[in-house]
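Notes follow once the structure below has been shown.
The values are calculated or read from the model by the stated rules, or taken from the named source; none is laboratory data. Treat the numbers as computed from the prediction; the structure is a model and nothing was measured. Reconstructed Cβ throughout: ideal geometry from the backbone, glycine too, with neighbour counts over all protein chains shown. For the accessible areas, the whole protein counts, side chains as well, though only heavy atoms, and no ligand, DNA or RNA atoms are used. Shrake-Rupley method; radii C 1.70, N 1.55, O 1.52, S 1.80 Å.
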Amino acid sequence: MEFVLKDNQKEKIQVVRAVAIFMVIVTHTVLWNPYEIYIRPFVNPAVGIFIFLSGMLTREEIRGKDILSFYKRRLLRVFIPYTLWSIIYVVFQGSYDTAIKDFLTGNCCSIFYYILVYMQLVIVAPLVGKLIRSKIWWVGFIITPLAILTEYFLIIRGVDITYPYNINNFFVWFIFFYLGMFIRIRYEKGKKVSSPKINVTCIIASLVCIALELLEGYYWLGLGRDDLATTQVKLSTMCTGIAVCILISSIILSKSEKKPFKLFVLIGDTSFGIYLTHQLVIGIWGRLLPNLMIKSDYWFIIEAIIVLVVDFIIIFILQKIFGKKIGKYIGVY
């Protein structure tokens, strides 16, 4: 069957984006919290979710003149906002000495590696579709595990791949994009991709993988690697993300006609703008109101909600001011 999303399915995607962007914000408000190792497994799948949705919304037959059109549409859509907001972050942080290097590595803002990864995945998308249709389709599912195992091997051998190089290459995220396109193709072939049984299985699998994340996190803590204990680029974290993404696809592609909560849809509509700007909101807050913090281990969740609300209002207003035509080039759509 043709992959044509109904209006309520499109809205469900926006709700998923709204939840995922909140998860992203939490990863940056929970930093250095004594409970971070316990919180991160629940929010780490966020980046994988965004990449998965991009894959699911990418048709696999891209050839001829369509390739140039596809590249132009997808790459410019993120490259122009990436450039604009990279400049803004460089000015805000005063990091002029490393500006060019940071721009090339996706580090003008610590989370901009995602855009470089996304652009890399867009470039290889035509090949991804061909791989899925080939007899060696299974290769696509081992690229990411092999990439992460390679990083583990290098770390054990004393060759540390430091941030952002351990996370700004598409290999360690490839499985999410591949899975998204894979499920789309199965759906188009009429294969079952949604059912209550799939949902229950994915929920159980997610909980098991979260437990494995905690175990792996403690392993890295024991080796004195706090960064690896909470990072999104761990084998156990990828397993959690895969289970969550399959669950998400099952919910999105279900026949349910239930309308999602409108506010979540609106937040999803502003998710890219929130992604680009929330670190700036957090930074400005820290400079203007440094003492407006509650000394509580649970303050991070309130802070995340405040940042989300403030940023949502800002992006929503910018959408109304600039409209979609200009807004998409400055990153508010």
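Return the residues of region 164-205 that are aromatic (Phe, Trp, Tyr), out of contact with any Cys (no Cβ under 9 Å at 6 or more places or on another chain) and surrounded by 15 or more Cβ atoms within 10 Å (Cβ to Cβ); say none if nothing qualifies.
170, 171, 173, 174, 177, 178, 182, 187
Only one of 113, 35 is in contact (Cβ under 8 Å) with a residue 12 or more places away in the chain, over 20 Å from the mean Cα position of the chain (by Cα) and under 24 Å from residue 239 (Cα atoms). Can you tell me which?
Of the residues listed, the single one that is in contact (Cβ under 8 Å) with a residue 12 or more places away in the chain, over 20 Å from the mean Cα position of the chain (by Cα) and under 24 Å from residue 239 (Cα atoms) is 35.
Could you check residue 255 against (1) open to solvent by 30 Å² or more (accessible area, probe 1.4 Å); (2) on the phi > 0 side of the Ramachandran plot and say which number it fails?
Evaluating residue 255 over (1) open to solvent by 30 Å² or more (accessible area, probe 1.4 Å); (2) on the phi > 0 side of the Ramachandran plot leaves (2) as the failure.
Can you tell me which of (1) buried (at least 23 other Cβ atoms within 10 Å of the Cβ); (2) touching an Asp or Glu at 6+ places or on another chain (Cβ under 6 Å) is the one residue 3 doesn't meet?
Residue 3 satisfies every listed condition except (1).
Give region 149-163 a look and list any residue that's open to solvent by 70 Å² or more (accessible area, probe 1.4 Å) and either in a helix (DSSP H, G or I) or within 18 Å of residue 237 (Cβ to Cβ) (or both), or say none.
Answer for region 149-163, where residues must be open to solvent by 70 Å² or more (accessible area, probe 1.4 Å) and either in a helix (DSSP H, G or I) or within 18 Å of residue 237 (Cβ to Cβ) (or both): 149, 150, 153, 156, 163.
Consider region 31-56. How many of its residues are closer than 13 Å to residue 231 by Cβ, open to solvent by 30 Å² or more (accessible area, probe 1.4 Å) and part of a helix (DSSP H, G or I)?
0
Considering only region 190-230, state which residues are assigned to a helix (DSSP H, G or I), touching a helix residue (DSSP H, G or I) at 6+ places or on another chain (Cβ under 9 Å) and among the basic types (Lys, Arg).
Across region 190-230, there are no qualifying residues.
Quick test of your reading of the structure: residue 123 fulfils all but one of (1) on the phi > 0 side of the Ramachandran plot; (2) open to solvent by 70 Å² or more (accessible area, probe 1.4 Å). Name the failing condition by number.
Result: residue 123 fails condition (1) only.
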